[in-house]
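Engineer: Just dropping this structure here.
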Amino acid sequence: MKIVLIYPQYPETFWSFKYALKFVSKKATHPPLGLLTVAAMLPNDWEKKLIDMNVTPLRDKDIKGADFVFISSMSIQESSAKEVISKCKKMDAKIVAGGPLFTTKYDEFEGVDHFVLNEAEITLPPFLEDLREGCAKHIYFSKEFANIEKTPIPLWNLINMKKYASMNLQYSRGCPFNCEFCDVTNLFGHKFRTKSKNQVISELESLYSQGWRGNVFFVDDNFIGNKKKLKTEILPAIIEWMETKRHPFTFDTQASIDLSDDEELMRLMTKAGFNSVFVGIETPNEESLAECNKFQNKNRDLVSCVKKIQTSGLQVTGGFIVGFDSDPPSIFDRMIDFIRESGIITAMVGILNAPRGTKLYKRLINENRLLQDSSGNNTDFSINFIPKINYETLISGYKKIIGAIYSAESYYERVKEFLKEYKPLQKLHFHFGYIRLHFGYPGAIPKSIWILGIKDKARNYYWKLFFWSLFRRPRLLPLALTFAIYGYHFRKIFEDYL
């Protein structure tokens, strides 16, 4: 059996890092972990080829002769996914589709022969069994959640690791919280399921044996859902493995704000090699937090929580949202002040949207306010429902935030202020991770000097940061230049609005 696995293309977005990747000659931030894991679940004697369209263009000859084409996609990749399906159908290729996009809206895709939905550990085996028996059905779905201690190691040999900025690893699924706008629990449930420490170490060992050295992103929606297991099993095992291998990786992940309550956990994470964490802060407005069930963020000094995490040695990447029903007219200025005061460099501020299947989506249907499906990109100035705040006020306020935090002067100043306070507790191992520069990547530093220091209109700010860091915080110069490159990407993404 000849199988081609296709990962559709991402549009240019905040998280694509398209303009930053060029500095280090990478094609994409992360490989398609889901498809690589599905590939490992397929019979060993099947011929498998993976095409990540973010790295390699899809050609007719890639599809020709395939017995099946497997497609997995996030909602933001919908346009590309439809193009792939159309191309495959023109070539009479049989299509098997799964992943978050198809799980939430499979009924909107024509031409797919088999939908293998929800978690592949549950729905893929019966599909494969029916395929062997010659009676494969059109749809396979399940309300059960998988025991991920049985999930295999991804088939890394299907990709060229040199094309990516970071590898990835999944330790857990599910989230104990119930934020109204989030589709994580709809897809993966509330029960927090984890892999064993032996699995985690085996996956790290697999990446290491494939020759990877650099950043590894733990893709968990909330890495700290089981703090006890992390502190007693997982992190101590990672620390021991990293010391044995002489620190080949750096790590980043996603966590809830209550990470700031646990100093031991933060200490173990930094000791293990974690240097960055994405935190969903959403809004400084208490009423909006209550509205969206973000109770873990309520009744906190959120700025102090962020500072505490960053003082531990973990850089905080923040997620923010405007457009809640409870947002006051002052929310835009308060958001700007919060980001400046907290020192968050990478602040993803988006307009509220309602993904299909979320509690917000269902509420808006009942209130007759839903307009369309979400694009999956909450930084593209779109909104898929009728907001209570005046629409023009919302858009102009959002533009004000973007201009205030990502204009060159404001951004570079925020980087400088962050670096003044940032004191990493562990020795910095500057791999090229996420888009993290180090001087072992030929061309990265000269490119930053040429593009940001000579060609860019904001070159004066670049040189001020360069020399300030060189003389005041020389150990953090690679990080300073990394942030400068991030800022260039963000300005390019929001160029029309800045």
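Engineer: Could you list, in sequence order, all residues of region 157-179 that are surrounded by 18 or more Cβ atoms within 10 Å (Cβ to Cβ) and either in a loop (DSSP other than H, G, I, E, B) or of a type in the set (Asp, Glu) (or both)?
Structural biologist: Residues satisfying the conditions are ILE159, ALA165, GLN170, TYR171, GLY174, CYS175, PHE177, CYS179.
Engineer: On to the next question. Which of the following residues is farther than 18 Å from THR358 by Cα, of a type in the set (A, V, I, L, M, F, W, C) and touching a Phe, Trp or Tyr at 6+ places or on another chain (Cβ under 7 Å): ALA97, ALA93, ALA146?
Structural biologist: ALA97
Engineer: Those residues that are out of contact with any Lys or Arg (no Cβ under 7 Å at 6 or more places or on another chain) and among the acidic types (Asp, Glu), I need them from region 232-266; list them, please.
Structural biologist: Of everything in region 232-266, those that are out of contact with any Lys or Arg (no Cβ under 7 Å at 6 or more places or on another chain) and among the acidic types (Asp, Glu) turn out to be GLU240, GLU243, ASP252, ASP258, ASP261, GLU263.
Engineer: Restrict the check to region 343-358 and report whether at least one residue is modelled with pLDDT of 95 or more, more than 20 Å from ILE395 (Cα to Cα) and among the basic types (Lys, Arg).
Structural biologist: No, region 343-358 has no match at all.
Engineer: Of the residues that sit in region 56-100 and are aliphatic (A, V, I, L, M), out of contact with any strand residue (DSSP E or B) (no Cβ under 7 Å at 6 or more places or on another chain) and in contact (Cβ under 8 Å) with a residue 40 or more places away in the chain, which one is surrounded by the most Cβ atoms within 10 Å (Cβ to Cβ)?
Structural biologist: For region 56-100, the residue satisfying everything is ILE76.
Engineer: Given the options GLU149, GLU110, GLU129, name the one that is modelled with pLDDT of 95 or more and assigned by TED's automatic domain parsing to the domain that holds SER80.
Structural biologist: Among GLU149, GLU110, GLU129, only GLU129 is modelled with pLDDT of 95 or more and assigned by TED's automatic domain parsing to the domain that holds SER80.
Engineer: Looking only at helices (runs of 4 or more DSSP H) that lie completely in region 201-314, which have at least 3 residues being of a type in the set (D, E, K, R)?
Structural biologist: Those helices (runs of 4 or more DSSP H) span 263-272, 286-291.
Engineer: If SER75 satisfies all but one of (1) over 20 Å from PRO152 (Cα atoms); (2) touching a Leu at 6+ places or on another chain (Cβ under 8 Å); (3) modelled with pLDDT of 95 or more; (4) not β-branched (Val, Ile, Thr), what's the number of the condition it fails?
Structural biologist: Unmet for SER75, out of (1) over 20 Å from PRO152 (Cα atoms); (2) touching a Leu at 6+ places or on another chain (Cβ under 8 Å); (3) modelled with pLDDT of 95 or more; (4) not β-branched (Val, Ile, Thr): (3).
Engineer: May I ask you to list pairs of residues, at least six apart or on different chains, whose Cβ atoms are under 8 Å apart, with the first in region 297-314 being over 19 Å from THR253 (Cα atoms) and the second being among the charged types (D, E, K, R) and at pLDDT 95 or above?
Structural biologist: Going by the 8 Å Cβ cut-off, the qualifying pairs are LYS298/GLU286; ASN299/GLU286; VAL303/GLU341.
Engineer: For region 255-283, how many residues meet the condition of being closer than 15 Å to SER304 by Cβ and buried (at least 20 other Cβ atoms within 10 Å of the Cβ)?
Structural biologist: Adding up the residues that qualify gives 6.
Engineer: All but one of (1) in contact (Cβ under 8 Å) with a residue 40 or more places away in the chain; (2) buried (at least 17 other Cβ atoms within 10 Å of the Cβ); (3) not aliphatic (A, V, I, L, M) hold for THR393; which doesn't?
Structural biologist: The single condition THR393 does not satisfy is (2).
Engineer: Return only the number of the condition from (1) buried (at least 16 other Cβ atoms within 10 Å of the Cβ); (2) farther than 24 Å from LEU314 by Cα; (3) of a type in the set (Phe, Trp, Tyr) that TRP463 does not satisfy.
Structural biologist: (1)
Engineer: What's the number of the condition VAL303 fails, among (1) of a type in the set (A, V, I, L, M, F, W, C); (2) surrounded by fewer than 22 Cβ atoms within 10 Å (Cβ to Cβ); (3) under 22 Å from VAL184 (Cβ atoms)?
Structural biologist: (3)
Engineer: Name the one entry in PHE483, PHE471, PHE466, PHE490 that is in a helix (DSSP H, G or I), over 28 Å from the mean Cα position of the chain (by Cα) and either in contact (Cβ under 8 Å) with a residue 60 or more places away in the chain or over 20 Å from TYR19 (Cβ atoms) (or both).
Structural biologist: After ruling out the rest, the residue left standing is PHE471.
The values are calculated or read from the model by the stated rules, or taken from the named source; none is laboratory data. Computed from a prediction, not measured in an experiment: that's the story for all the values here. Here Cβ is always computed from backbone atoms with ideal geometry, including for glycine, and neighbour counts include all displayed protein chains.
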